Structures are given as C-alpha cells and as structure tokens.
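> For reference, the structure I am asking about is given below.
The values are calculated or read from the model by the stated rules, or taken from the named source; none is laboratory data. This one's a predicted model, so the numbers in the text were calculated from it and none came from an experiment. So basically every Cβ, Gly included, is an ideal-geometry build from the backbone, and we count neighbours across all protein chains shown.
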Amino acid sequence: MRWGFPQRIFLNINPYLSLKIMTMERRNFLKSVTAAGLTGTLLTSCASSLEDGAKSANTIAKGTILHSVYFWLKADISEEEEQDFLNFFAELRKVPNVQTLQYGKPAPTNPRAVVDNSFQYNLLVTFQDIDDINTYETHPTHTAAAEQYSKYWVKVEVRDIVISFP
C-alpha cells in the first residue's frame with residue numbers, strides 16, 4: 001500500500017487501524033526485502049557461474065592431449081566420395097575415451113609465408129591424458145576406419161601436443 005495523503009488522514013483518525021496497516025506494511029516490506037535479497041543472491045550466483053563456465057570453456061586442463069590430424073584428399077575425388085570420407089570422423093567418435101572430436105576445412109585466412117592451407121580437412125580430437133590417446137591409436141575401430149577410408153587421401157600429418165599451461 002502506498003502512503004498517499006488519504007491514508008495519512010485515515011491513520012490519524014483511527015489509531016487501531018493505523019497500527020494494523022503499519023503491521024501489514026511492515027510484513028510486506030520484509031517480504032519484499034527478503035525476495036530482493038534472494039533474487040540478488042541468485043543473480044550474483046548465476047553471473048559468477050556463467051563467468052566460471054566461460055573461463056572453463058576457454059581453458060583446456062593441464063595434461064590434456066590435443067590430437068590434430070591434417071588430410072590432403074586425392075585430387076580426383078568426387079563429391080560423393082568426399083561425403084563418404086566424412087563418415088570416417090563419425091566412426092572415430094565411437095572410439096572410447098574421446099573427449100571431443102571436431103573437424104573442418106581450412107579457414108580463409110590471409111595468405112602468409114607461415115600459413116599452410118593446402119590441406120582439405122583437419123581433425124582435432126582431445127583426450128584426457130596420454131593413456132587415452134595410446135588406446136585410441138591402437139583401438140580396432142580406429143585402425144579399421146583408417147584402413148577403410150584411406151583410399152580417399154594422399155597425405156596425412158599428425159601433430160599431438162600435451163597442454164602444459166592452462
């Protein structure tokens with residue numbers, strides 16, 4: 001209830017009702033303050049969780065293995081064959097201990113002497129540790145898929161790194 005002029009006159013005329021209304025106002029005020037406090041706490045918590053999430057999303061844990069594979073496909077490959085080649089990546093997702101698996105084509109960055117965009121696809125797989133990538137490299141699903149789809153490429157280069165500084 002808002003304390004406008006008519007309420008003040010009424011409160012001055014009837015002290016009993018004045019006390020009752022002030023008690024109701026106090027309860028409403030306390031409810032509002034409590035709700036505002038909880039809302040503020042919740043929003044602060046969500047905001048800090050989002051910040052923490054953003055930080056963790058942008059940070060790869062120390063010890064993580066990044067397995068980067070570059071593929072140069074045959075020059076005479078058809079669109080259908082290239083689409084079939086992409087099934088290779090779907091097969092690799094089935095290997096145990098793969099944390100993430102992403103692939104793509106070279107980015108159209110500015111040409112520079114240090115940039116090699118001559119490959120057709122790059123595969124980036126992350127593993128929790130060296131044991132996981134060692135399992136991946138020799139896993140039957142991985143070796144069978146490599147054998148099945150190797151008919152599409154002329155060159156493959158692998159670069160593995162371990163994250164040392166998160």
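> Of all residues in the stretch 99-115, count the ones that are surrounded by 10 or more Cβ atoms within 10 Å (Cβ to Cβ) and either part of a loop (DSSP other than H, G, I, E, B) or in contact with a Lys or Arg (Cβ under 8 Å, 6 or more places away or on another chain) (or both).
Total meeting the criteria: 5.
> Looking at the stretch 100-153 only, could you name the residues that are under 22 Å from residue 63 (Cα atoms), free of Cβ contacts under 8 Å to residues at least 40 places away in the same chain and of a type in the set (D, E, K, R)?
Listed by number, the residues that qualify are 131, 137.
> Report whether or not residue 88 is surrounded by 13 or more Cβ atoms within 10 Å (Cβ to Cβ) and in a helix (DSSP H, G or I).
Yes: the conditions hold for residue 88.
> Can you pull out the residues in the stretch 144-166 that are in a strand (DSSP E or B) and of a type in the set (D, E, K, R)?
155, 157, 159, 160, listed by residue number.
> Which condition number in (1) at pLDDT 95 or above; (2) basic (Lys, Arg); (3) in a helix (DSSP H, G or I) is the one that residue 94 fails?
If we test residue 94 against (1) at pLDDT 95 or above; (2) basic (Lys, Arg); (3) in a helix (DSSP H, G or I), just (3) comes out false.
> Considering each residue of the stretch 127-163, count those that are out of contact with any helix residue (DSSP H, G or I) (no Cβ under 8 Å at 6 or more places or on another chain) and over 23 Å from residue 72 (Cβ atoms), and give that number.
11
> Can you tell which of 138, 126, 143 is within 17 Å of residue 70 (Cβ to Cβ) and modelled with pLDDT of 95 or more?
126
> Can you tell me which residue is modelled with the highest pLDDT among those in the stretch 53-73 that are surrounded by 15 or more Cβ atoms within 10 Å (Cβ to Cβ) and part of a loop (DSSP other than H, G, I, E, B)?
Restricting to residues being surrounded by 15 or more Cβ atoms within 10 Å (Cβ to Cβ) and part of a loop (DSSP other than H, G, I, E, B), the top hit is 64.
> Which residue pairs have Cβ atoms under 6 Å apart, sit 6 or more places apart or on different chains, and have a first residue in the stretch 58-75 that is in the same structural domain as residue 117 (by TED's automatic domain parsing) and a second that is hydroxyl-bearing (Ser, Thr, Tyr) and not in a strand (DSSP E or B)?
Sorted first by the residue in the stretch 58-75, then by its partner, the pairs are 73/152.
> Still on this structure, please answer the following. Can you confirm whether residue 96 is out of contact with any strand residue (DSSP E or B) (no Cβ under 8 Å at 6 or more places or on another chain), surrounded by fewer than 15 Cβ atoms within 10 Å (Cβ to Cβ) and not charged (D, E, K, R)?
The answer is yes for residue 96.
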